[in-house]
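Asker: Let me begin by handing over the structure; questions about it come next.
Quick note: the coordinates plus some simple rules give every number you see, no bench work behind them. None of the values given here were measured: they were computed from a predicted structure. Positions of Cβ are backbone-derived with ideal geometry, glycine not excepted, and every protein chain shown enters the neighbour counts.
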């Protein structure tokens, strides 16, 4: 399997001219991937899970999420837009989502495909697998790439609990490409573009991490596409009936939507990266035994809370709730899509270098012991003055060579390293 080097995909970069070195991002990063040294923040990409929390917390707007520019679609003859359910929550006073889909065609897309259709299919397949008792419980959803990476980095023991299905966006990309080819479009002419609410999905789709063939050619920002659509929507007199999904797919826009679609009574849905970490810790410790399905979203509110969106997540969620009244329970064309289980299954080969310190197990163990030794010499204040989020992270920086070996703790200058 050919893969892009994930850690070279800098889905969040730093504008050093704007960074004031305040350290807010250092404390909020869930994987301790950020440091402030010489007055500027820096990201350790080997630890980054692309959750976008640093973008959300940065008051000086120094963190810049990466994505493909809209003009990239012009590189392809036949352009397909993948529209996430959360996208609809961005628009005020647009009661009919077909105006949004029609506007996408007006700005240059030849075909629009709703990711909600893929979500409905994933929900149905999940229901079947749960009913058959073939999955290890509690089953953990894999729709949020940031959560998937977080488990890879910090909760390796939970990997067997991951739902072995492609996320809706990958399913939708495959279906959209197949439909275009079935209508006579040459595969080489097709460009599939996902309109993403968050950098985590940029990370996952650009990295080609869990499927052998990358079905997505570009990942666009919700905010940029939104700005291109607004003047077009305001001038539309009528729309085409392009929507194919139902309430089952629409509800994936916000936290709890996927879990509700599984039709499992004992489910849990949590959102916000700190809440997610708390739930994962409970699952790993075995203190949460009364749930069968767990849906986790790194962003507050679910995908409506992604940092590439333009609307407040709670406002967007309210709009989605209002839109539910105008949708059928399931998509009109859902029953026409008949795919074998293999179409959805995925054998995830997650990185195994999270928290390993070295590829050589003996060397990694020796580094771990050295980190523990250094840690015992520090005051354990976790003040962040050194530029690391904790005393332990400071020790790790010394052992991993991120700072000179003779660096001392600013709060304990007499300590010999």
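Asker: Give the separation of the Cα centroids, the stretch 169-248 to the stretch 15-31, in Å.
Answerer: The two parts, judged by their Cα centres, are 32 Å apart.
Asker: Can you tell me the 0 to 90 degree angle between the C-alpha axis of helix 222-235 and the longest principal axis of the chain, rounded to 10?
Answerer: Roughly 30 degrees, rounded to the nearest 10.
Asker: Could you give the radius of gyration (one decimal) and Dmax (whole number) of the Cα atoms in the chain, in Å?
Answerer: 22.4, 74
Asker: Which shape class applies to the stretch 233-329: rounded if a/c is under 1.5, otherwise prolate when a/b exceeds b/c and oblate if not, where a ≥ b ≥ c are the square roots of the Cα gyration tensor eigenvalues? Intermediate values should be presented prior to the final figure.
Answerer: Details: a/c = 3.80, a/b = 1.84, b/c = 2.07.
Verdict is oblate for the stretch 233-329.
Asker: Once label points are set 7 Å from the Cα along Cα→Cβ at both residue 127 and residue 260, what is their separation, rounded to one decimal in nm?
Answerer: 1.5 nm
Asker: Tell me, 18, 240 in order of fewest to most beta-carbon neighbours within 10 Å?
Answerer: Details: 18 14, 240 11.
In order of increasing Cβ crowding within 10 Å: 240, 18.
Asker: Further question: In Å³ and rounded to a whole number, note down the convex hull volume per residue for the Cα atoms of the stretch 87-132.
Answerer: Values: hull volume 4.0 nm³, N = 46.
Residue-normalised Cα hull volume stands at 88 Å³.
Asker: Taking the Cα atoms only, what angle lies between the long axis of helix 168-182 and the longest principal axis of the chain, rounded to 10 degrees?
Answerer: 40 degrees
Asker: Restricting to Cα pairs below 8 Å that are 6+ residues apart, what does the relative contact order work out to for the stretch 70-343? Please round to a whole percent.
Answerer: Values: 481 pairs, mean separation 79.9, N = 274.
So the answer I get is 29 percent.
Asker: So what is the relative contact order of the stretch 22-181, in percent, for Cα pairs below 8 Å that sit 6 or more residues apart?
Answerer: Normalised by residue count, the contact order of the stretch 22-181 is 20 percent.
Asker: Based solely on its DSSP helices, what 222 nm [θ] is calculated for the chain when runs of n ≥ 4 H residues each add -39,500 (n - 2.57) and the sum is averaged over all residues, nearest 500 deg cm²/dmol?
Answerer: Counting only the DSSP helices, I get -10000 deg cm²/dmol.
Asker: While we're on this one: How large is Rg/Rh for the stretch 356-417, to two decimals, with Cα atoms and a Kirkwood Rh? Write down the numbers at each step before the final one.
Answerer: On the way: Rg = 11.4 Å, Rh = 11.8 Å.
We get a ratio of 0.97 for the stretch 356-417.
Asker: Hey, another quick one. GNM, the chain, Cα, under 10 Å: largest mean-square fluctuation among 281, 370, 292?
Answerer: 370
Asker: Which whole-percent values make up P(r) of the stretch 163-320 when all C-alpha to C-alpha distances are grouped in 10 Å steps starting at zero?
Answerer: The percentages, shortest bin first, are 9, 30, 38, 18, 5, 1.
Asker: To the nearest 10 degrees, how steeply does helix 313-323 sit against the main Cα axis of the chain, on a 0 to 90 scale?
Answerer: It works out to around 20 degrees.
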